[in-house]
Amino acid sequence: MPYRWTPDHSHTPTQGAPLRLDLWPHRSLSPRGFSWVIGVAFGLALVPLVPFIGTSAFWVILPLMMASIAALWIAIRASDRDHLREVMTITPQQITLIHTDANRREHRWNATPYWVRITLHRGNKPVEAYLTLKGEGRTVELGAFLSPDERRALRDDLAYVLGRIT
């Protein structure tokens, strides 16, 4: 799942260090997969270039082929640099949620754990299994980039943790 509790959420914040929940969107391409994509693209781009080896057309086509590989490289790396993530820190006194959007702007929400309500909205509007937290007069969305099943599991985990604090 694209979220992680530190330390494990069976631990409660009252037993020591605060709990930290990190959430991030799926990254479908691992570093090894990136290498494979670039390598395969390069190999496939060489296929139409082979008949032109030894001709002046080779030197015209080669830079264009390399530019297309470079464009693919840049596009994939730009996608990886979108640092969309959410970090929640839970202590017995306070919950802090920091949402970092793709433009690296941080949006912060704080609330007292005792008063926080976790709501998993049923239906498909605005999305299936829409997860929100409400506290301190504000409602915030949590894990918008997670799948519906992951949001349900996250809701259960959060209910467990908050139930142990209060």
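Mind giving me the FRET efficiency for residue 26 and residue 69? R0 is 25 Å, r the Cβ-Cβ distance, nearest 0.05 is fine.
Once the sixth-power term is evaluated, E becomes 0.50.
Can you give me the convex hull volume of the Cα atoms of the range 113-166, divided per residue and expressed in Å³?
Dividing the Cα hull volume of the range 113-166 by its residue count gives 68 Å³.
Alpha carbon centre of the range 77-152 versus the range 19-47: separation in Å?
26
Semi-axes of the equivalent ellipsoid of the chain: what are they in whole Å, largest first, if each equals the square root of 5 times a C-alpha gyration tensor eigenvalue?
Semi-axes from the Cα gyration tensor: 47, 15, 14 Å.
Tell me what the chain gives for mean residue ellipticity at 222 nm when only DSSP H runs of n ≥ 4 count, each as -39,500 (n - 2.57), the sum divided by the residue total, rounded to 500 deg cm²/dmol.
-12500 deg cm²/dmol
Quick one, what does Rg over Rh come out to for the range 31-81 if you take C-alpha atoms and the Kirkwood Rh?
1.07
For the residues 37, 50, what sequence is obtained by ranking on other C-beta atoms within 10 Å, fewest first?
So the ranking, lowest neighbour count to highest, is 50, 37.
Distance in nm between label sites at residue 136 and residue 34, each 7 Å beyond Cα in the beta-carbon direction?
Inter-label distance under the simple model: 3.5 nm.
Could you please report the charge total around residue 115, scoring K, R as +1 and D, E as -1 over all other residues with beta-carbon less than 12 angstrom from its beta-carbon?
+2
Just order 99-105, 126-132 by mean Cβ neighbour count inside 10 Å, highest at the front, would you?
126-132, 99-105
We did not get these values from a lab; they are worked out from the coordinates using the rules stated. Note that the structure is a prediction, hence the values are computed from the model and not measured. Glycine also receives a Cβ, built like all others from the backbone with ideal geometry; neighbour counts cover every protein chain displayed.
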